[in-house]
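This report refers to the structure that appears directly beneath it.
Throughout, read-outs are computed from the coordinates displayed, never taken from laboratory work. Quick caveat: nothing in here was measured; it's all calculated off a predicted structure. Note that each Cβ is placed from the backbone with ideal geometry, even for glycine, and that neighbours are counted across all protein chains shown.
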Amino acid sequence: MEEKDQLQSRQWKSFSDRSRTMNMGTQALKKLNYPAVTMLLVLMAAWYFGAHVYNKPFVFPYFEVVMGRIGEALTDLAVLRAIGITMRRVLLGTLYGFIIGLPLGMAMGFSPLIMKTLSPFVNAVRQIPTTAWVPLAIIWFGLGDGPTLFVLALHGVFVIILNTAAGVMDINPEYYNAVKSMGAGPVEIVKDVIFPGALPGVITGIRLAMGMGWMTVV
Amino acid sequence: MSIIVDHVTKSFSERNRRRQSKLVLKDVCFEVPDGEFVSLLGPSGCGKSTTLTIIAGFQGRDSGDVIVNGRTVTRPGPDRAFVFQDYALLPWMKVGENITYPMKMQRVPKEEREKRLDELLSLAQLQECRDQYINELSGGMKQRVALLRAIACDPEVLLMDEPLGAVDFQMRKLLQLQLESILMQKKVTTLMVTHDVDEAVYLSDRVIVMGRDHGNILADVAIELDRPRDRTSEKYHGYCDQLTELLKTALSGEVFTKEDEDIMNFIKNAEIESRRHC
């Protein structure tokens, strides 16, 4: 129990540490991931020389040509606008997933009965591939943003439910007894124990949901 | 502000054998009068912690009554403050927020809360830790914070489950001293669960020894010594020996957990010491 507790508080601390360092822009250079930068340079060099040695640009394009095209794309306003639209969709889809997933996940993590009731459905629907939803989504929401947002939200909601529920189940059960014996009601239990206790799990859920959203949105 | 435990019976259903249930407490009766400090002493599995959590209202009972200050206990409440073995301090709140939490729940105005917090922190010499998070504290400090949180609202009754079980020997002695001075100032009715004979004699007005036979009470010993207690006095050792002897019969040579090992070690040390005295 104590180990789990420590883990939880460590997670919490590292989370708050991280947000603290992000606020300090001056430290950004110090925190630069030098090993990864070196690795990136090595990979770029390998590509450059590899492509020139192979010398068949149709199958293995030159590094400098690809970079040039990326540069062109990034300065093209239409592409930039498209990226903006996609980003908006991912964020909005994840937000809808979050709004539905958070209370469901918290309820499932808190009550074994709700978990038992809902988990078969969550786990069954979760397995349906994204592409299988697309025709249905188009019929329901027409063309445009609707079906995309639906599929994104649907994808995100399960990740958020599972991670939130896991986060809530990780809370030391003594905390509930502790706040109850200090006179806390249901509202305070949610506000002061369940929500902050589940926060590391919720954050992981949102991060995963957004990452998967980028993959799905294509 | 007394605690009355009247014929409390409790059984747990065992997971693998559904029809059978394990009887943990059978007709347990005792009383803690107003302002008295009572310890529940016993080997592991004797139901002492179960008794305490039933009084706190964290779990129900099959039959019998628990009456605290004239009211029958049905659920946890702020009239009974609880000190947990593993502290149960909220890691996402600072020390100050943890201690003022019960006052916030009781809708004590903010200024008063701050004033009381200063008072409490100086009582336990923790003024510098006010804005630290719980995981930045040592075990002994966490324990003191947990105790301050428990007494913050001037509870009528204080329930402590092995409050000093997780700190090392030196710190334990120091905390016992602090605990005694704090509680003597307040005169709170206190029930503490422990497996440490010395701790029980040092802190309690009365020690109740529980056995493994469904929590039957083997003895109820009043400790009639002046406070603060003198660990070197003849009488103090007399009480320790008497309780050690009782625990030995309660254990009847069956060592199950680390807790029991602690007791066995204590018994051995006590025997070695008494031989040295002869």
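Tabulated values for the structure
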quantity	calculated
Candidates B:Leu177, B:Leu25, B:Leu40, ranked by Gaussian network fluctuation over chain B, Cα under 10 Å, top entry	B:Leu177
Charged-residue dipole, Cβ positions (Lys, Arg, Asp, Glu), chain B about Cα centre, Debye nearest 20	880
Mean projected area in nm² (Cα convex hull; one quarter of hull surface) for the stretch A:27-75	4.6
By average C-beta atoms within 10 angstrom, highest first, the peptides A:191-198, B:41-48	B:41-48, A:191-198
Karplus 3J(HN,Hα) series, Hz, for the stretch B:76-85 with 6.51 cos²θ - 1.76 cosθ + 1.60 (x for Gly, Pro)	x, x, x, 6, 10, 7, 10, 10, 8, 4
Computed over the stretch A:86-218, the ratio Rg/Rh where both radii use C-alpha atoms and Rh is Kirkwood	1.06
Cα lying deepest toward the dipole's positive end in chain B, options B:Thr257, B:Thr72, B:Ile272, charges on Cβ	B:Thr72
Cα-centred dipole magnitude for the stretch A:86-218, charges only on beta-carbon of K, R (+1) and D, E (-1), debye, nearest 20	220
Listed pairs B:Lys110/B:Lys186; A:Lys116/B:Lys142; B:Lys115/B:Lys142 exceeding 31 Å between Cα atoms	A:Lys116/B:Lys142
Percentage relative contact order, chain A, counting C-alpha pairs under 8 Å, at least six apart	25
43 Å tail of the calculated P(r), the protein assembly as shown, as % of Cα pairs	36
Antiparallel bridges, percent of DSSP beta bridges restricted to the protein assembly as shown (to nearest 5)	55
Cα long-axis angle, helix A:195-217 against chain A (0 to 90 degrees, to the nearest 10)	30
Average beta-carbon neighbours from other chains, 10 Å sphere, peptide A:179-190	6
Using alpha-carbon coordinates, inclination of helix A:77-110 to the longest axis of chain A, degrees	20
Spatially proximal lysines relative to A:Lys191 (Cα-Cα < 18 Å; intrachain offsets below 8 disregarded)	A:Lys180, B:Lys94, B:Lys104
Cut-off under 5 Å, modelled amide H: who pairs with B:Met210 long-range	B:Leu41, B:Gly42, B:Leu218
Calculated from backbone phi, Karplus (6.51, -1.76, 1.60) coupling profile of the stretch B:168-176 in Hz, x at Gly/Pro	6, 4, 4, 4, 4, 4, 5, 5, 4
Degrees separating the helix A:34-54 axis from the principal Cα axis of chain A, which is the longest one	40
Lys/Arg +1, Asp/Glu -1 at C-beta; the stretch A:86-218 dipole; positive extreme among A:Tyr96, A:Phe121, A:Thr216	A:Thr216
Given charges at Cβ of Lys, Arg, Asp, Glu: the protein assembly as shown dipole, positive-most of B:Thr189, B:Leu89, B:His214	B:Leu89
By average C-beta atoms within 10 angstrom, highest first, the peptides B:241-247, A:63-69, A:126-132	B:241-247, A:63-69, A:126-132
Shielding by partners, peptide B:128-141 (average Cβ within 10 angstrom, other chains)	1
